Structure formats: C-alpha cells, structure tokens
Amino acid sequence: MGLMSNLCNKTGDLYVVTTPIGNMEDITLRALKTLGQVDLVAAEDTRHTGRLLAYHDIKNNLISYHEHNEESRTPVLIHRLKTGSSVALVTNAGTPAVSDPGYRLVKAAIANDIRVIPIPGVSAVITAISAAGLPTDSFIFAGFPARKKSKRMDQLKALANENRTLIFYESPGRILSLLEEIMNVMGNRYCVLCREMTKLHEEFLRGVLSEIMDSLRQRPAVKGECTLLVKGSEENNEVSLDIVRAELIKGLAENGSKLSEVTRTVAQKYGLPKNKVYEAALKLKRKVDSA
C-alpha cells in the first residue's frame, strides 16, 4: 500500500488533483508528491496521465475513469477507498469535476463519509480571465454549451442580459458556430478567445465577435481547446431605442438597401442581437410599405 493509505481508520482519502492544462511544468509540488504517494491514480486517459507522470519521474498504478465508464467504475473506486486505499483523481487537463469527469466520484465519496482533499493548481477559467482584460470582480462560468442547438440557444438567451463577464469552453470544431450564435443572440460584443493556453502556440484574440470570426475563417483550421470570454451586457443596455429606430429608418430609406444588410449594419454598430434588430426592422418596413 502507498504511503498515504489510511491504515488506522481503514478508510482511504480521495485526492482531487489539478494537473496542467498544457505546459507539463505547471503543476504544484504538493500535486507531484500526492501523485507519487497514493495507492492508485484514477485518470481520464491513462496514457495522457502516464506521460505526465513519466515527465516528472513518477511511477504509480493507474486506472481509467472517464465519462464512458464513471458509472460502473465509481463503485469500484469507492470500495477501494473504503478498504483503506488512497486514490488521486485526475483529468487530462485542469481540475477534475469542472467540465470534466469526477463529480460522480466526489459525490459518492462524500455520501460514504470518505474524506475528499482538493489539491489545487492551474485552471483554464482563471488563467484566461487573468489575461483577458475584461472585468474580473464577478463572472459567470458557463462551461461547455449544450450540444443540442435548441437547448444551447436557450442557454445563451438566459445569459443575454447578464452584466458579468461570460466564460465558455468550446472545442475548435464548434467555436465558429458558437461565436455566430452568441452574436445573433447578444449582439456584436467585445470578446477574448483564448487558445492553446500555456502551450507553445498560446494565443489571445481580442475584438468584437465579428472580427474574431473573420480572423478564424481565414485559417485553414482552428486548433486547440478554446476558452471564450464575452463582455457583459451593461454597455448594450445604454443604446437608445430611438437611435436604433432612426438608423433603421435611414437604412431602409436608402435605395437598394436590403433588410438583412440594414439589420447587420445596425446590429454590429451598436453591439445588439441581430435577431432583435431584424424584428424591429421588419416592423418598420411594414409601416413604410403600408404608408
């Protein structure tokens, strides 16, 4: 048994260990000590964690624990803990149970009176907001948006009037779609897209949503997990509806101006949701046509 086995009380401890989000050297001394002394390391990907342990010259027993087996593997790990083994829970990057597997095991451990010990470290959320230049006094971590579009749109609409900085996780393959949906729901807001944080090709793209989309579309592919920060709605609420209506009337009155073009121009100029501006433009056009 490892050095951390709780031999006196028979029940082992569950260590929730934060690991690097990219750079393998972004790990605490306490985390390294824990990973080397526990009886078992429960890892989201044993190969990935194996490379991390090898990099730091640590040898230990690994068992897989990920979203596809956590339901069946949780009772196994709880049994190990209850019979005296100490377990370190890790994911591929960052803190377990934060948009990653782990919540089920932590909850089960607490229900079985097993001590849960957090070993903190680097976090993509905190890393991103510390360098974004957006308000940090209060923010909302929305995690990964829902895969189903209808549910995802409901989530975005519920956040549209939030004054706090919004933070999302998204995969490189879906980031463009998310940027477009946010702009349609919330307007052309200022945002910061953080990509490949702590790695060799770390990048922070800053600008309004449309600018970030244009930049990404010029690339053959978007690589690396993305953390997106979007400015809260306080500035958008300051725009006068009378000013918006005046802009719409002016745009619709111009020869050859299409409804979609006027909507896009006004929405981008004032950072407003395109769908709401379109509804207002449609009502005004009906009045103009009926006059």
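Let's see how each residue does on (1) in a loop (DSSP other than H, G, I, E, B); (2) touching a Phe, Trp or Tyr at 6+ places or on another chain (Cβ under 6 Å); (3) closer than 17 Å to A111 by Cα:
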site	(1), (2), (3)
G12	yes, no, yes
G22	yes, no, no
E25	yes, no, no
T34	no, yes, no
H66	yes, no, no
H79	no, no, yes
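Given (1) crowded, with 17+ Cβ neighbours inside 10 Å; (2) closer than 27 Å to G22 by Cβ; (3) of a type in the set (V, I, T), identify the lone condition not met by I114.
So the condition that I114 fails would be (2).
Starting from residues that are in a strand (DSSP E or B) and hydrophobic (A, V, I, L, M, F, W, C), keep the ones in the stretch 161-186 and report whichever is nearest to the chain's Cα centre (by Cα).
F168
A158 passes all but one of (1) modelled with pLDDT of 95 or more; (2) in a strand (DSSP E or B); which number fails?
(2)
Examine the stretch 56-70 for a residue that is acidic (D, E), in contact with a helix residue (DSSP H, G or I) (Cβ under 7 Å, 6 or more places away or on another chain) and at negative phi, and state whether such a residue exists.
There is at least one residue in the stretch 56-70 that is acidic (D, E), in contact with a helix residue (DSSP H, G or I) (Cβ under 7 Å, 6 or more places away or on another chain) and at negative phi.
Scan (1) of a type in the set (S, T, N, Q); (2) touching a helix residue (DSSP H, G or I) at 6+ places or on another chain (Cβ under 9 Å); (3) at pLDDT below 90 for the single condition T227 breaks and write down its number.
In the conditions (1) of a type in the set (S, T, N, Q); (2) touching a helix residue (DSSP H, G or I) at 6+ places or on another chain (Cβ under 9 Å); (3) at pLDDT below 90, T227 misses (3) alone.
Restricting attention to the stretch 264-291, report how many residues are in contact with a Lys or Arg (Cβ under 6 Å, 6 or more places away or on another chain) and part of a helix (DSSP H, G or I).
1
All but one of (1) without any contact (Cβ under 8 Å) to a residue 60 or more places away in the chain; (2) over 26 Å from T46 (Cβ atoms); (3) of a type in the set (S, T, Y) hold for T74, so report the exception by its number.
(2)
Would you say A54 is in a strand (DSSP E or B), assigned by TED's automatic domain parsing to the domain that holds L32 and at pLDDT 95 or above?
Here the answer is no, as A54 does not meet what is asked.
Give me the residue from the stretch 68-86 that is under 21 Å from P118 (Cβ atoms) and not small (G, A, S) and, out of that set, farthest from the chain's Cα centre (by Cα).
K82
Taking A88 as meeting all but one of (1) in contact (Cβ under 8 Å) with a residue 40 or more places away in the chain; (2) under 24 Å from I175 (Cβ atoms); (3) of a type outside the set (F, W, Y); (4) crowded, with 19+ Cβ neighbours inside 10 Å, write down the number of the exception.
(2)
Out of all the residues in the stretch 1-19, which are at pLDDT 95 or above and surrounded by fewer than 20 Cβ atoms within 10 Å (Cβ to Cβ)?
Listed by number, the list is empty, since nothing qualifies.
The values are calculated or read from the model by the stated rules, or taken from the named source; none is laboratory data. Bear in mind that the values here come from a model prediction, so they are computed numbers and not experimental data. Positions of Cβ are backbone-derived with ideal geometry, glycine not excepted, and every protein chain shown enters the neighbour counts.
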